[in-house]
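The values are calculated or read from the model by the stated rules, or taken from the named source; none is laboratory data. Being a predicted model, the structure only gives us computed values, none of them experimental. Glycine also receives a Cβ, built like all others from the backbone with ideal geometry; neighbour counts cover every protein chain displayed.
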Amino acid sequence: MRIGFAGIGRMGEPMAMRLLQANFPLVVWNRTGERLAAITAAGARAAATPRELAAESDAVLTMVTDDAAVNSVYLGGDGLLSASVEGKLFADMSTILPATVASIASAVFDRGASFVDAPVAGTVQPARDGRLLIFAGGSAEDVERLKPVFNVLARRIDHLGPVGSGAAMKLVHNALLSTYWAVFAEAMAMGSRYGLDLKRMLDVISESPANFAALGVKTPLLLGQSSEVGFNISNVRKDLHAIVKFAESTGVPLPIVQAALAKYEQAIADGHAEEDVASMVPLSLRERAPRSGG
C-alpha cells in the first residue's frame with residue numbers, strides 16, 4: 001500500500017517516520033517545505049501539492065492544525081480531492097469538529113473514495129514509539145483496511161462508530177485532559193504556597209487515586225529537567241474553542257471547561273503560547289511564591 005502523508009509537523013513527522021521504518025512507500029507534503037528535510041532524507045518522496053500526493057497514493061493520512069487547514073488540504077484548488085481519487089482511502093487524524101469531518105467525508109464519498117476520521121491521543125514521544133491511541137469513525141470495512149497502517153502508529157485502535165465519532169471522542173478526551181492540567185496547576189500552587197515540596201507532591205500523587213497517565217511523562221518537565229514541547233498551550237486553546245463549539249451543538253453547558261479556557265487564554269496573553277501544556281504548573285508556581293507552612 002502506497003501511503004501519502006499530508007502535514008509533517010510536530011506530530012506528523014514522527015508518525016511518518018514510523019511508516020517509513022515499517023517499509024511503507026511514503027509520499028509526503030507539508031505547507032512549509034522546509035519541514036520535509038528530515039523525512040525526505042530518511043527516504044520519503046516530497047510531493048509539490050496535495051493533488052500530487054493523492055495521485056501517487058493508495059491511502060492518504062492528513063494531520064494538520066485545524067478545521068480551516070483540513071478544508072484547504074482536501075478542497076483547495078490543488079487539494080487532495082482535485083486529483084482522481086476513486087477507490088482511494090483517506091484518513092484525517094487532525095483534531096477538528098465532527099461537523100467539519102462530515103463535510104469533508106461527504107466530498108470524499110462524492111468522488112468515489114472512502115474516508116475515516118482517526119484523531120490520536122498522545123504527544124510526540126508516544127508518536128515516536130508507536131504508542132498513540134486512535135479514535136476511529138467510519139465504516140468497519142474502511143477502518144479494517146487501515147489497520148496495517150494504524151498498527152504501526154498506535155497501541156490501541158478504537159472504532160467508535162460512523163464518520164464523526166472519532167472526532168467527537170477526541171474532543172471528549174481533550175476536554176478532560178485540558179481541564180485536568182489547569183486544575184492540577186492550581187492544586188500544585190496551593191500546596192507549594194503552604195510549603196510542600198513539588199517533587200514530593202508529584203511522588204505522592206503518582207501513587208494515589210488522583211494520578212493520571214500523562215503525569216509520569218511530564219514529571220521531568222515539571223521538575224525543570226526537560227523543556228520538550230509535546231502539546232503547546234496555543235493548541236490547547238484552539239482545541240478548547242472547538243470543544244465549546246461542539247458542546248453548543250449538543251446543548252451541554254461547559255462552565256468548568258470555560259474556566260480552564262480562561263486560564264489558557266491568560267497564559268497566552270502572558271507570552272507562553274508555545275510552551276507545553278504542563279508548563280501551566282511552573283507558571284502557576286511562579287505566580288504564587290511559596291511560604292513556610294502553618
(message) One residue is enough: does the stretch 163-182 have a residue meeting the conditions at pLDDT 95 or above, surrounded by 14 or more Cβ atoms within 10 Å (Cβ to Cβ) and over 30 Å from residue 262 (Cβ atoms)?
(response) yes
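Per-residue answers, yes or no, for (1) over 27 Å from residue 141 (Cα atoms); (2) not aliphatic (A, V, I, L, M):
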position: 21; (1), (2): no, yes
position: 33; (1), (2): yes, yes
position: 56; (1), (2): no, yes
position: 61; (1), (2): no, no
position: 68; (1), (2): yes, no
position: 93; (1), (2): no, no
position: 115; (1), (2): no, yes
position: 123; (1), (2): yes, yes
(request) Residues that are without any contact (Cβ under 8 Å) to a residue 40 or more places away in the chain: find the strands (runs of 3 or more DSSP E) completely inside the stretch 24-140 holding 3 or more of those. (result) 26-29, 132-137
(message) Going through 284, 279, 234, 227 one at a time, which residue ends up being under 21 Å from the mean Cα position of the chain (by Cα), crowded, with 18+ Cβ neighbours inside 10 Å and among the polar types (S, T, N, Q)?
(response) 279
(message) Conditions first: (1) more than 20 Å from residue 239 (Cα to Cα); (2) touching a residue at least 60 places away in the same chain (Cβ under 8 Å). Residue 183 passes all but one, so which condition is the exception?
(response) (1)
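To keep it simple, each residue is scored yes or no on (1) surrounded by 16 or more Cβ atoms within 10 Å (Cβ to Cβ); (2) of a type in the set (Lys, Arg).
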residue: 51; (1), (2): yes, yes
residue: 71; (1), (2): yes, no
residue: 79; (1), (2): yes, no
residue: 83; (1), (2): yes, no
residue: 87; (1), (2): no, no
residue: 94; (1), (2): yes, no
(message) I'd like the residue in the stretch 210-224 that is touching a Ser or Thr at 6+ places or on another chain (Cβ under 8 Å) and not aliphatic (A, V, I, L, M) and, out of all such residues, is surrounded by the fewest Cβ atoms within 10 Å (Cβ to Cβ).
(response) 216
